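The values are calculated or read from the model by the stated rules, or taken from the named source; none is laboratory data. Please read all numbers here as calculations on a predicted model, not as lab measurements. All Cβ positions, glycine included, derive from the backbone under ideal geometry; neighbour counts span all protein chains shown. For the accessible areas, the whole protein counts, side chains as well, though only heavy atoms, and no ligand, DNA or RNA atoms are used. Shrake-Rupley method; radii C 1.70, N 1.55, O 1.52, S 1.80 Å.
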Amino acid sequence: MFGKLLKNDLKAQFHSMSAIFFAIVIVAVGGELVALFAKSDIGKILGGLAVIASLLFACVFVLIAVAMMYNKTMFGRAGYLTLTLPVKTGKLIWSKTISALIWSYLVYFLFLGSCFLWFGQVKDIMGEEAIQNTELLLSLFGAPSFKMLAVVLIFFAVSLAVSALMVVQSLFLGITLSNVKPFSKLGVIGIIIFSFSVFYCLQALSNGVSELLPMGMVVSPDIITFTSDTAKTAAELGKGVIKINFSGPVFRLVVGILLNFPVTYLTKTAVNIK
């Protein structure tokens, strides 16, 4: 039953999202063509950066789009039909959440792909010798090497993907709260206030958990060390290391899952469908 629910959500959203993704692909492909066929190296680099910037903006735009669709289908005129479906409200919320994550991850993977493509273009332009000289110069100033930065970027990509769940659920909770009396009078302003407030508070808690439980890994030029205290291990290894904390992303993942409960409860008991 849940599979059919998710399938129908994706089909219903496809009409709106396909137009958005068509525009995103056109912009991305156009920018990449400009970058590939630019006569100067600076033009190629700037063209690639323009594509990355446009796709980063698209990631935010898609999150706004899925939030608007959630508000429309749950609490707009379509909400009367949605909430009468013979399924549990929790499953209904999860279907909306997963479909929102699917659309968000699609544009996110396009963004990551453009980043790796740009790095490849820069590497071809600079050449191996220039890259080695740059790494040597970075090491003289105690800066991390490209290999270390690659590990950090991979972890950052995974962490951002995990954080997307908390972002989507924060938006859904903010939208749900804005449809509870008497907050429903605030309209769009209420959605913005509640969504940002929920996300800000949860992000602050995530940072607090990261400081309280500094578990993670420390990346050095020679080895990756897993530790229960990243600050202590980094101090022992000396300069030129990068600390990566695991507790923050894990907290955001758990919170993203648990937010389904207040969203479900408020939807069942307190919302005001327009």
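Observations on the structure shown:
- Per residue, the stretch 151-204 exposes 50 Å² of accessible surface when a 1.4 Å probe is rolled over the protein heavy atoms with every protein chain present.
- Computed over the chain, relative contact order equals 20 percent, with contacts defined as Cα pairs under 8 Å that lie 6+ residues apart.
- Basic side chains Lys and Arg get +1 at the Cβ, acidic Asp and Glu get -1 at the Cβ, and with that the dipole of the chain about its Cα centre reaches some 1600 debye.
- For the peptides 250-263, 194-207, residues were scored by their other Cβ atoms within 10 Å and the scores averaged per peptide; the highest-first order is 250-263, 194-207.
- Total lysine pairs in the stretch 9-119 at Cα distances under 27 Å, for residues eight or more apart or on different chains: 8.
- From its DSSP helices (H runs of at least four residues, each -39,500 (n - 2.57)), the chain gives a residue-normalised ellipticity at 222 nm of -27000 deg cm²/dmol.
- VAL151/PHE196 FRET efficiency (R0 35 Å; Cβ-Cβ; nearest 0.05): 0.65
- Accessible area per residue for the stretch 1-63, computed on protein heavy atoms with a 1.4 Å probe, is 63 Å².
- Computed label-point distance, nm, for sites LYS181 and GLU211 using a 7 Å Cα→Cβ extension: 4.2 nm
- Remark: the LYS7-PHE116 segment gains 36.1 nm on full extension, using 0.36 nm per residue and subtracting the alpha carbon distance.
- Positive-pole candidate from PHE199, ILE257, THR267, dipole of the stretch 196-274, charges at beta carbon: THR267
- Most positive-pole-ward Cα, VAL168, LEU212, PHE57, against dipole of the chain from beta carbon charges: VAL168
- D (Stokes-Einstein, µm²/s), Kirkwood Cα radius, the chain, 0.890 mPa s at 25 °C: 116 µm²/s
- Helices meeting the span-like rule in the chain (full DSSP H runs, Cα extent of at least 15 Å along the helix axis, mean Kyte-Doolittle score of 0.0 or higher): 2-37, 41-75, 89-126, 128-140, 146-177, 188-212, 247-258.
- Multiplying the residue separation of ALA23 and PHE261 by 0.36 nm and removing their Cα-Cα distance gives an extension gain of 82.1 nm.
- Positive end of the dipole of the chain (Cβ unit charges, origin at the Cα centre): among PHE246, PRO182, LEU153, the Cα lying farthest that way belongs to PRO182.
- Computed from phi, the 3J(HN,Hα) profile of the stretch 178-184 under the Karplus parametrisation 6.51, -1.76, 1.60 (θ = phi - 60°) reads 6, 9, 9, 5, x, 5, 4 Hz, with x in place of Gly and Pro.
- Measuring nothing but protein heavy atoms, the accessible surface of the chain at 1.4 Å probe radius is 74 percent carbon and sulfur.
- Quarter of the Cα convex hull surface for the stretch 1-64, i.e. its orientation-mean projected area (nm²): 5.0 nm²
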